[in-house]
1. Mind pulling the per residue volume of the convex hull built on the Cα atoms of the range 35-96? Å³ is fine.
2. Quick one: which residues, 5+ away or cross-chain, put their amide H under 5 Å from the amide H of Gly38? H built at 1.01 Å from N.
3. Dividing the Cα radius of gyration by the Kirkwood radius, what Rg/Rh value follows for the range 5-69?
4. Check Ser117: other-chain or 5+ apart residues with amide H under 5 Å from its amide H, H built from backbone geometry?
5. Cross-link list Lys44/Lys195; Lys44/Lys96; Lys55/Lys179; Lys55/Lys96; Lys34/Lys66: which exceed 31 angstrom alpha carbon to alpha carbon?
6. What's the magnitude of the charge dipole for the chain around its Cα centre, counting Lys and Arg as +1 and Asp and Glu as -1 at the beta-carbon? Answer in Debye, nearest 20.
7. Give the Rg/Rh ratio for the chain, taking Rg as the radius of gyration of the Cα atoms and Rh as the Kirkwood radius, to two decimals.
8. Using 0.36 nm per residue, how much length does the chain from Lys52 to Thr159 gain when fully extended, once their Cα-Cα distance is taken away?
Amino acid sequence: MADFLPQGDSLNVLDLATGTADQLLALYNSGRVKSGIGLDLSEKMMAIGREKIAKRELSDRLSLQKGDAEEIPLNDESFDAVSISFGIRNVTDVNKALREMYRVLRPNGRALILEFSIPRSRLIRYWYLFYFRFIMPVIGGLVSGDDSAYRYLNETVETFPYGKDFCRLMSDAGFNDVKREELTFGIASIYCGEKL
């Protein structure tokens with residue numbers, strides 16, 4: 001994701017659904033981020049993220065706060081980049097979250113969205129879906145004791161819009177020059193959109 005940051009070497013970034021702040025820290029590690037905020041609804045996950053940030057002595061540059069991607073509690077045009085990794089699929093109103101991302105971006109800012117997708121290759125898609133539907137829920141259930149969470153993951157990935165459909169949602173929210181970069185044969189994708 002850091003490879004897709006907009007131009008600049010003192011960027012201010014926002015990471016939505018930040019969880020334990022791994023994506024926020026990865027963006028900071030690019031050497032181009034001056035400051036950043038991570039937003040999430042889970043205080044327990046953010047507590048872990050705050051420990052990671054403090055351990056690296058970055059609390060003066062990176063902070064985490066409770067907040068919802070559909071109602072970002074931050075000012076208009078505050079960030080050079082807004083990211084969300086494997087979280088847009090779980091918001092209640094995707095269009096509202098995309099509009100909120102657009103709102104808090106500065107002109108020439110960029111949205112970066114990492115999400116699961118379905119591979120184009122029939123062969124890879126077959127084995128990917130076979131694994132997702134039948135193997136992962138069993139293994140996940142054995143390890144965690146909750147196979148329903150892994151069935152939920154499969155169901156949301158298969159029903160969530162991806163590729164051109166998701167690019168269209170970003171365009172409808174106001175983003176320009178929307179692009180998709182496929183990762184790992186299309187198992188995941190990075191979507192980029194610009195605010196002019």
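No lab work stands behind these numbers, since they all come straight from the coordinates. Every value quoted in this text rests on a predicted model; they were computed, and no experiment measured them. Cβ atoms come from the backbone with ideal geometry, glycine included; neighbour counts cover every protein chain shown.
1. Convex hull of Cα atoms, per residue: 98 Å³.
2. Asp15, Ser63, Leu64, Gln65
3. The Rg/Rh ratio comes out at 0.95.
4. For Ser117, the qualifying residues are Ala188, Ser189.
5. Lys44/Lys195; Lys55/Lys179; Lys55/Lys96
6. Using Cβ point charges on Lys, Arg, Asp and Glu, the chain gives about 400 debye.
7. 0.98
8. 35.1 nm
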